[in-house]
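A quick write-up on the structure given underneath.
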Amino acid sequence: MKMLNILAALSLILFIGCGGGGSESNEQAGSTDQTRSEPRTIEVVGLDQMKFAVTANSDGITVGDKIGQDGLLQLETITAKPGEEIHIKLTTQSKLPATAMSHNWLLLTLNADTKAFATAAMKAKDNDYVPSDMQDQIVAQTGLAGGGETTEVTFTVPEEAGEYDYLCTFPGHFVGGMKGILKVEG
């Protein structure tokens, strides 16, 4: 009987020592792990006014003026940490046919020539306005989305701190102001 009490006591010590007790700390650890494994989602709206917009200001983004009658805010910058995972969900809001108004979202490498990229993209209709000879300058990209369509991409933020340009490559959209900056702050 004495041996059974000793074994029970040892089992209890092992159970508590291995994390079996204290459900509060286990729940916190679980939620922390879950937060780390899920990317930050930014829901972006592509507008006929050739602007990227968001519905509200939130942590990690900088917005500008209101655009249109829906109260959307122009998306100007996204701030992120190196290695962070980000999910961009781009929805095009337009009644125009996709051949006249579509949007995509491309993040370019740190030192890419954004103007040259946008100029080359206008000539790449057969590749959804993404120049195939400049793929090495793309960090992440969505497909094209016409009115009412959504396109998405999840990517890992580059490790090197700096300002990375993002843009829409549909003809005329970059020049029209459909661009912004991903600020990587290390």
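The values are calculated or read from the model by the stated rules, or taken from the named source; none is laboratory data. Everything quoted here is computed from the prediction, not taken from an experiment. Positions of Cβ are generated from backbone atoms using ideal geometry, with glycine treated the same way; all protein chains shown enter the neighbour counts.
Some points to look at:
- Members of the range 40-75 found to be free of Cβ contacts under 8 Å to residues at least 24 places away in the same chain and charged (D, E, K, R), listed by number: 59, 65, 66, 70
- Candidates in the range 36-75 are the residues that are under 22 Å from residue 154 (Cβ atoms) and among the charged types (D, E, K, R); of these, the one that is farthest from the chain's Cα centre (by Cα) is 36.
- Restricting the first member to the range 162-173 and to residues that are under 19 Å from residue 143 (Cβ atoms), and the second to residues that are of a type in the set (S, T, N, Q) and assigned to a loop (DSSP other than H, G, I, E, B), the beta-carbon pairs closer than 7 Å and six or more apart or on different chains are 168/104; 169/104; 170/102; 170/104.
- Test result for residue 143, assigned to a loop (DSSP other than H, G, I, E, B) and over 19 Å from the mean Cα position of the chain (by Cα): no
- Selection over the range 96-108 of residues that are touching a residue at least 12 places away in the same chain (Cβ under 8 Å) and either small (Gly, Ala, Ser) or not assigned by TED's automatic domain parsing to the domain that holds residue 150 (or both) gives a count of 2.
- Matching option when the condition is surrounded by fewer than 17 Cβ atoms within 10 Å (Cβ to Cβ), of a type outside the set (Lys, Arg), closer than 30 Å to residue 37 by Cα and in the same structural domain as residue 47 (by TED's automatic domain parsing), among 126, 165, 136: 136
- Breaking point among (1) within 18 Å of residue 103 (Cβ to Cβ); (2) buried (at least 20 other Cβ atoms within 10 Å of the Cβ); (3) under 13 Å from the mean Cα position of the chain (by Cα), for residue 184: (1)
- Contact map, the range 109-134: residues that are assigned to a helix (DSSP H, G or I) paired with residues that are of a type in the set (Phe, Trp, Tyr), Cβ distance under 7 Å, separation 6+ or inter-chain. Pairs shown: 118/174; 121/129; 122/129; 134/117.
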